[in-house]
Amino acid sequence: MDVLVVVNPSFIPQLVAYGIPEEKIKYIPNFVSASTFYPMSIDEKRALRKKHGIAPDAFVAIGVGQVQHRKGVLDFIEVAKQLPEMQFIWAGGFSFGKITAGYKELKEIYDHPPANVQFPGIVERVDMNTYYNIADVLFLPSFNELFPMAILEGMSSGLSVLLRDLELYEGILAGNYIEASDVAGFKAQLERMATDGVYLEVAKEGAKKGAAYYSEARLTGLWQEFYDGLLKG
């Protein structure tokens, strides 16, 4: 190949270690469309909450992804247990079925979740914007990730974002999310966002900046420059 495009800058040193010249590697991240993921009106959000049996004044955290240990589902559930006054939704299911690591334990939780947790199962991508708009914060306690599209989707939908403090996020999302390292930290951050309106708005503004940085308009421009550069040699 003449050029290799990666969606995460953390891949670059690993590829260089394999002997690929760094000058052949170009970083252009993924993006989501603002016409697919966007903030709905207050009335629309209230209607969605009513449809899903969630109080209009509830503080809601949503997690997204396969139900597996790597995604931090057990920490998600533990935080929910410690915050019974809040509502939690995990959108995702068992894409690998019974071969999922820890399937029996996770399936028991999935079938019998705490009273303040909903598992709607695997949600079609076209319906995800409605779930994001039910929530106040995207809460992803994953232990290992590449560049989860759910983060960009949540940001584009107007959510604040709470993530585990992974090194991966530092280079691609710095300043655009709130972080914590364990159950106690996640609990503290959610409590602060639920009770401190200013703190929540600051978190949402950070996520909004992230959405703009990874917007379709900006990244289309990067691809245009990239292809123009190839044509010009």
Any chance Leu190 is part of a helix (DSSP H, G or I), modelled with pLDDT of 95 or more and under 18 Å from Glu78 (Cβ atoms): yes
Contacts under 8 angstrom Cβ, first residue in the stretch 27-39 being of a type in the set (A, V, I, L, M) and crowded, with 18+ Cβ neighbours inside 10 Å, partner modelled with pLDDT of 90 or more and assigned to a loop (DSSP other than H, G, I, E, B), 6 or more apart: Val32/Tyr214
Answer from Leu200, Leu162 - the residue that is closer than 19 Å to Glu78 by Cβ, surrounded by 15 or more Cβ atoms within 10 Å (Cβ to Cβ), in contact with a strand residue (DSSP E or B) (Cβ under 9 Å, 6 or more places away or on another chain) and of a type outside the set (Phe, Trp, Tyr): Leu162
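The values are calculated or read from the model by the stated rules, or taken from the named source; none is laboratory data. Keep in mind that this is a model prediction, so the values were computed, not measured. Neighbour counts run over all protein chains shown; Cβ positions are idealised from the backbone, glycine included.
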